[in-house]
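A.B. asks: Handing you this structure, nothing more for now.
What follows is calculated from the coordinates using simple rules that are stated; it is not laboratory data. The shown structure was predicted, so the numbers you read here are calculated from the model rather than taken from an experiment. Counting neighbours? That spans all protein chains shown, and the Cβs are built from the backbone with ideal geometry, glycine included.
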Amino acid sequence: MIAAKKVGIKSQTIRMPASTSEDELLKKIDELNNDKTVDGILIQLPVPEHISERKVCQAVDPRKDVDGFHLTNIGKLTCNLDTFVPCTALGVIELLKRSHIKTFGKNVVVCGRSKNVGLPISLLLHADEATVILCHRNTPPEELTFFAKRADIIISATGVVNLIKPEMVKPGACIIDVGITRITTPEGKSKIVGDVDFEGCKPIAGHITPVPGGVGPMTVAMLMVNTLTAAKKLAEEQNGS
């Protein structure tokens, strides 16, 4: 909401109680689909257990699906077609581009296989002809270490604290930490940390992102980009061009 205001995008948060039925939520989504003043729709996940996440994501008009979760957009992504890409994955790619880190022909380890982050990141890097190894939290530690030590780029999105350790990192490698876990420090304070042992890996890595303050702001920025793209495309449709 703050980012939208800063860049001049009119936004609205619709808060519905946890007791809202699936039909009520789907009806609200349908209203937004048919509202010509709305260009982008984002459903805050997770939804309550009595509501189907897939059904809800599928209910959003794919032309307004700025989260990139509709099956139409996911399918286009797998075929390397122009589509809405999940914001965190798009943010990671933008970080690499803006930092002038080449991915073509590079060895990349993506740790985390979620459909919203790890999988789309892998697809995007694969399309750029990187050699992509997709691991996850249940990959045996010795196997993860084997792959990670050979990676030019490590991207981790598992929510497992200190999963990526210094001994796993090749000197000069780029590390992008997408993990977010809230922990309690020995002093009793709440703290957000990522998947990477930041202090241990920092001296070894050529590039490394912090948590918080790294990928998070990029996710928000890419949401603004997707919304602007949706607005432009819908305006072209309405104008018949």
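A.B. asks: With each label point set 7 Å from Cα along the Cα-Cβ vector, what nm distance links Met16 and Arg54?
C.D. replies: In this crude spin-label approximation the distance works out to 2.0 nm.
A.B. asks: Let me ask something else. HN-Hα J couplings of region 186-200 from phi, Karplus 6.51/-1.76/1.60, θ = phi - 60°, integer Hz, Gly and Pro as x?
C.D. replies: Computed from phi, the couplings for region 186-200 are x, 7, x, 9, 8, 8, 9, 10, x, 8, 9, 6, 4, 5, x Hz.
A.B. asks: On a 0 to 90 degree scale, rounded to 10, what angle separates helix 118-127 from the longest Cα axis of the chain?
C.D. replies: 80
A.B. asks: Output the relative contact order of the chain, whole-number percent, from Cα pairs under 8 angstrom with separation of 6+ residues. Don't skip to the answer; put the middle values down first.
C.D. replies: Working: 395 pairs, mean separation 39.4, N = 241.
Reported as a whole number, the value is 16 percent.
A.B. asks: Still on this structure, please answer the following. Give, in whole angstrom and from largest to smallest, the semi-axes √(5λ) of the equivalent ellipsoid of region 50-114, with λ running over the eigenvalues of the Cα gyration tensor. Intermediate results must be reported in sequence, preceding the final value.
C.D. replies: Details: eigenvalues 141, 36, 24 Å².
The three semi-axes for region 50-114 are 27, 13, 11 Å.
A.B. asks: Okay, next question. By how many nm would the segment from Leu228 to Glu187 grow when fully extended, if each residue of separation counts as 0.36 nm and the alpha-carbon distance is taken off?
C.D. replies: 10.4 nm
A.B. asks: Further question on the same structure: Percent antiparallel among DSSP beta bridges with both residues in region 87-215, to the nearest 5?
C.D. replies: 20
A.B. asks: Then there's this: What are the radius of gyration and Dmax of region 105-156, computed over its Cα atoms and given in Å?
C.D. replies: Over region 105-156's Cα set, Rg and Dmax evaluate to 10.2, 28 Å.
A.B. asks: Sticking with this one: Looking at the chain as a GNM with Cα springs under 10 Å, which of Ser99, Ser19, Ser114 has the largest mean-square fluctuation?
C.D. replies: Sorting by GNM fluctuation, first place goes to Ser19.
A.B. asks: Straight-line reach from Lys102: which lysines fall under 26 Å, measuring Cα to Cα and dropping same-chain residues less than 8 apart?
C.D. replies: Within reach: Lys76, Lys115, Lys149, Lys165, Lys170, Lys202.
A.B. asks: Taking only DSSP H segments of four or more residues, each worth -39500 (n - 2.57), what value at 222 nm results for the chain once the sum is divided by all its residues, to the nearest 500 deg cm²/dmol?
C.D. replies: -11000 deg cm²/dmol
A.B. asks: Calculate one ³J(HN,Hα) per residue across region 214-219 by plugging θ = phi - 60° into the Karplus curve 6.51 cos²θ - 1.76 cosθ + 1.60, and present them in order as whole Hz with x for glycine and proline.
C.D. replies: After applying 6.51 cos²θ - 1.76 cosθ + 1.60, I find x, 6, x, x, 5, 4 Hz.
A.B. asks: At q = 0.11, 0.12 Å⁻¹, what log₁₀ I(q)/I(0) does the chain have when each alpha carbon counts as one equal point scatterer in the Debye sum?
C.D. replies: -0.64, -0.75
A.B. asks: Now, a different point. Hey, got a sec? Which GluC sites (Glu not before Pro) in region 27-110 land in a DSSP loop and have at most 11 other Cβ atoms within 10 Å?
C.D. replies: Answer in residue order: Glu49.
A.B. asks: Taking the chain as a Gaussian network, where each spring joins two C-alpha atoms under 10 Å apart, which residue of Asn34, Asn226, Asn73 fluctuates the most?
C.D. replies: Asn34
A.B. asks: Another question, then. What residue among Thr37, Thr103, Thr185 has the largest mean-square fluctuation in a Gaussian network model of the chain, using Cα springs under 10 Å?
C.D. replies: Comparing Thr37, Thr103, Thr185 in the GNM, the peak value goes to Thr185.
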